[in-house]
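Engineer: Take a look at the following structure, please.
Read-outs: derived from the displayed coordinates by stated rules, not from any lab. Note that the structure is a prediction, hence the values are computed from the model and not measured. When we count neighbours, we look across all protein chains shown, and the Cβ atoms used for this are built from the backbone with ideal geometry, even at glycine.
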Amino acid sequence: MPCKKCGSIRIFLPHKIVCYKCEDINILDSKKEILKRKFKIKQIEKDFLKINGFVNYNTAFGSAIVNRELAAREAIYSVKRRTYSIKEWLAYTFLLKNLKYHKIIKSVKNVGIYFRKLLDLSRNAIEINNEIVCLQNKLAFIVNLNGNKSFVFSEKEHLHYVPEEIFNEDEFRFRPHDIDDKEINIEYMFMQESLMYPMHDIYLSEDISRVLKKLHHNRILPFIKNTKQANKFAQIGFEISNQGLYTNKILGKEYFDEGVILTDSISLEKIKYNLSNIFNHTDINWFFNNLYYKKYGKYTLADSIIIQDNENLLISIPLYSLLLLCYATKKWVKDVTYGTIKNEKGKIMEEYIFIFLNAYNLITKHPLSGKSLIRVPHPEKGQEIADIIGYNSNNLVVIECKFWNIPFLHKLENELQKFENNIKYITQNLSKFGFNKNLNVIPIFYTPYAPYKSWNNIVIVPSVFKLGKVLFDIFGSKEIKLIDEIPGLKQIIDMFSIPLRYPVDLGEIFKKFEMNKYWIQDGIVLKFDNEEILVIIDLPYSSSAFGIYFDITNKTYNELEKKNITSGDIIRFITVNLSGTWSITQMLYFQKIFNKTDWFFYDPKFEDYKRIINFYNYIKRKQ
Ligand SMILES: [Zn+2]
């Protein structure tokens with residue numbers, strides 16, 4: 001579905017999606033642009049060979065192997081730096097693939113400079129190769145924007161970004177200021193910080209595969225031809241990387257060459273032999289042969305994952321790189337039951353948003369039947385017509401959730417069109433649903449890769465945060481009563497003797513408590529007044545510790561004062577999730593574990609609190 005007005009292809013500009021013809025944007029001849037790039041890449045490859053002669057092979061190989069693992073680890077654990085780290089990971093892998101062994105060192109001076117030159121050439125080679133592949137397939141064009149030549153994707157490519165016109169608004173200023181990546185998945189950050197675990201793995205694997213694909217359109221693992229093989233690859237890879245990382249940790253290697261197992265061909269056989277307890281020989285050999293023996297062209301990186309250096313003949317098994325590729329492949333594994341998983345994910349998100357509505361002053365139950373207004377059926381045809389409905393005496397919102405990872409623009413537009421038709425029906429038939437027929441209907445479409453701000457009268461939101469803002473403007477917040485006491489909860493604080501670095505769901509340990517309602521954890525107090533307390537906490541998947549506000553009652557405030565709690569104290573505390581989605585959370589009980597003076601001079605017993613202590617010091621330094 002190209003441009004509705006003129007039928008031309010639309011392009012993804014940083015701030016907006018537009019039709020190039022209607023906007024009078026000059027697209028340069030792709031054939032010429034491809035030729036130019038092919039010429040350039042030849043030059044880069046030649047330079048690479050030349051510079052290769054000036055570097056110390058051993059040092060260059062070692063640096064590339066270690067740095068590649070650092071990049072892979074950052075790509076997995078730091079959502080803010082994912083695009084950047086995967087770019088680096090690709091460059092190091094290209095460098096390792098093309099680095100040639102030579103004995104003579106032509107220059108011993110400025111070794112570091114030559115290595116950085118090789119790395120720069122690798123970065124350029126990967127980027128230009130990707131541009132060529134995209135231009136050849138019309139996934140992208142080179143356009144002339146205000147006198148500058150820019151590489152832009154077209155609507156033939158999946159939507160993998162949110163245009164600036166949508167998120168570059170005041171309400172998105174909550175983004176950490178050090179973000180340099182416009183394609184940041186805002187939703188992901190929200191989810192990770194709202195403790196929404198069930199979807200974490202799906203999200204992570206989709207996001208990694210999305211970024212890898214965007215930066216490198218060649219298949220990274222071309223030997224994976226079906227879902228069975230994808231499954232096999234992910235299972236063996238996870239096993240190796242998890243075991244290896246665990247062993248390295250035990251050996252105390254985690255701060256040095258933590259991400260790599262260095263081995264030789266004899267020990268490699270031992271590793272394979274150990275794996276044969278779990279997997280069969282054919283699969284194990286398939287895995288190693290494809291990742292190890294050179295068999296692919298320059299830009300297919302599969303055979304440079306497990307790699308041997310030609311000077312010491314040591315084989316490096318890169319643990320984080322394998323983990324990264326396993327996550328990227330795992331998403332593919334889901335294809336076996338793709339429909340079901342996709343539906344499941346959509347359902348989890350619908351339920352999440354439905355509960356999220358609790359924080360606002362609207363009704364989410366049917367006026368007559370009292371049924372929850374989620375997955376609402378068509379009053380005449382029976383099939384589902386709306387994902388979520390909420391209302392008050394004047395307004396009724398209909399929310400559609402399309403929780404797709406990387407949709408095509410035209411598919412989203414089809415869904416918007418369908419939603420528009422449903423809204424028309426709902427508006428004209430409010431009484432058939434049992435609603436007051438004079439209600440003002442407001443349609444909201446939620447999708448992480450929102451292409452536009454709105455579609456006719458439909459508001460499009462790319463995040464739950466933004467949805468909250470829209471709902472607040474229409475309905476205002478619900479007044480939630482804080483809790484005074486939950487019988488049997490307070491005593492639990494004394495039951496744990498280990499540091500609680502991450503939150504623990506009490507519903508998982510004690511049957512008498514609801515799941516996802518009461519949590520216990522340790523944190524550092526930053527400040528408090530008689531309404532709220534700001535505590536620094538840590539989560540297993542977040543890239544750093546962060547501060548979070550909890551509501552408190554007057555009673556809790558008095559206790560904080562009485563027990564002399566001050567900024568910097570480490571406390572253990574129990575929180576109650578009042579709205580269901582952590583948008584309103586109360587701190588109900590607490591206990592001081594350490595004074596600030598206890599941890600101020602480093603002691604190994606504070607190892608578990610290292611991240612929150614670092615974050616505390618960081619905030620204090622900034623103040
Ligand atoms: Zn047009």
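Engineer: Once every DSSP H run of n ≥ 4 in the chain is given -39500 (n - 2.57) and the sum is divided by its residues, what mean residue ellipticity at 222 nm do you get, rounded to the nearest 500 deg cm²/dmol?
Structural biologist: Roughly -13500 deg cm²/dmol at 222 nm, from the helical runs in the chain.
Engineer: So what's the range 407-560 giving for Rg/Rh, alpha carbon basis, Kirkwood Rh from the mean inverse pair distance?
Structural biologist: Here the Rg-to-Rh quotient is 1.10.
Engineer: So what's Rg/Rh here for the range 10-161, counting alpha carbon atoms and using the Kirkwood radius for Rh?
Structural biologist: Over the Cα atoms of the range 10-161, Rg/Rh equals 1.06.
Engineer: Let me ask something additional. For D608 and S393, what does the FRET efficiency come to when R0 = 45 Å and r is the distance between their Cβ atoms, rounded to the nearest 0.05?
Structural biologist: The pair D608/S393 has a calculated efficiency of 0.30.
Engineer: Let me ask something else about it. Quick one: pull the percentage of alpha-carbon pairs in the range 360-475 with a separation above 26 Å.
Structural biologist: Taking all Cα-Cα pairs of the range 360-475, the fraction more than 26 Å apart is 16 percent.
Engineer: Mean separation of Cα pairs under 8 Å and 6+ residues apart, divided by the residue count of the chain: what relative contact order is that in percent?
Structural biologist: Averaging sequence separation for qualifying contacts and normalising by length gives 12 percent for the chain.
Engineer: Short version: ³J(HN,Hα) in whole Hz for each residue of the range 74-85, in order, from phi by Karplus 6.51 cos²θ - 1.76 cosθ + 1.60 (θ = phi - 60°), x for Gly and Pro, what are they?
Structural biologist: Result, ordered by residue: 5, 4, 7, 9, 10, 4, 5, 10, 5, 4, 4, 5 Hz.
Engineer: With both bridge residues required to lie in the range 360-475, what share of the DSSP beta bridges run antiparallel, to the nearest 5%?
Structural biologist: Close to 50 percent.
Engineer: Name the residue from I34, C3, Y84 whose Cα lies farthest towards the positive end of the charge dipole of the range 1-111, charges +1 on Cβ of Lys and Arg and -1 on Cβ of Asp and Glu.
Structural biologist: Of the listed residues, the answer is I34.
Engineer: Same structure again: Counting only the backbone N, which residues of the range 295-330 are under 18 Å from the spot 7 Å out from the Cα of L215 toward its beta-carbon?
Structural biologist: 299-306, 318-330
Engineer: For the range 475-623, what is the largest minus smallest coordinate of the Cα atoms on each principal axis, given in angstrom and ordered from greatest to least?
Structural biologist: Here the Cα extents, ordered largest to smallest, are 43, 34, 33 Å.
Engineer: While we're looking at this one, here's another question. Between F600 and N144, with labels modelled 7 Å along Cα→Cβ, what's the label distance in nm to one decimal, could you check?
Structural biologist: My value for the distance between the label points is 6.6 nm.
Engineer: How much length would be gained if the chain were fully extended between K40 and Q243, taking 0.36 nm per residue of separation minus their Cα-Cα distance, in nm to one decimal?
Structural biologist: 68.8 nm
Engineer: For the range 1-53, which GluC sites (Glu not before Pro) are in a loop by DSSP, counting at most 16 other Cβ atoms within 10 Å?
Structural biologist: Within the range 1-53, the qualifying GluC sites (Glu not before Pro) (loop, at most 16 other Cβ atoms within 10 Å) are E23.
Engineer: Read phi for every residue in the range 452-462 and hand back ³J(HN,Hα) as whole Hz from Karplus 6.51 cos²θ - 1.76 cosθ + 1.60, θ = phi - 60°, with x for Gly and Pro.
Structural biologist: 9, 6, 7, 9, 6, 9, 8, 7, 9, 10, x
Engineer: At most 13 other Cβ atoms within 10 Å and a DSSP loop assignment: could you name the GluC sites (Glu not before Pro) in the range 378-415 that fit?
Structural biologist: Sites meeting the loop and neighbour criteria: E380.
Engineer: How far apart, in nm, are the 7 Å Cα→Cβ label points at N617 and K490?
Structural biologist: 3.7
Engineer: More than 50 angstrom separation, counting every C-alpha pair in the chain; what % is that?
Structural biologist: Distances greater than 50 Å cover 19 percent of the Cα pairs.
Engineer: Go through the range 536-574 and name the trypsin sites (Lys or Arg not before Pro) that are in a DSSP coil and have 14 or fewer other Cβ atoms within 10 Å of their Cβ.
Structural biologist: Passing sites in the range 536-574 are K563.
Engineer: Further question: Please list 3J(HN,Hα) in residue order for the range 588-602, calculated via the Karplus relation 6.51 cos²θ - 1.76 cosθ + 1.60 where θ = phi - 60°; whole Hz, with x for glycine and proline.
Structural biologist: 9, 10, 8, 8, 6, 9, 9, 7, 4, 5, 5, 8, 4, 9, 4
Engineer: Just subtract the alpha-carbon distance of S267 and E164 from 0.36 nm times their residue separation and send over the number in nm, one decimal.
Structural biologist: 31.9 nm
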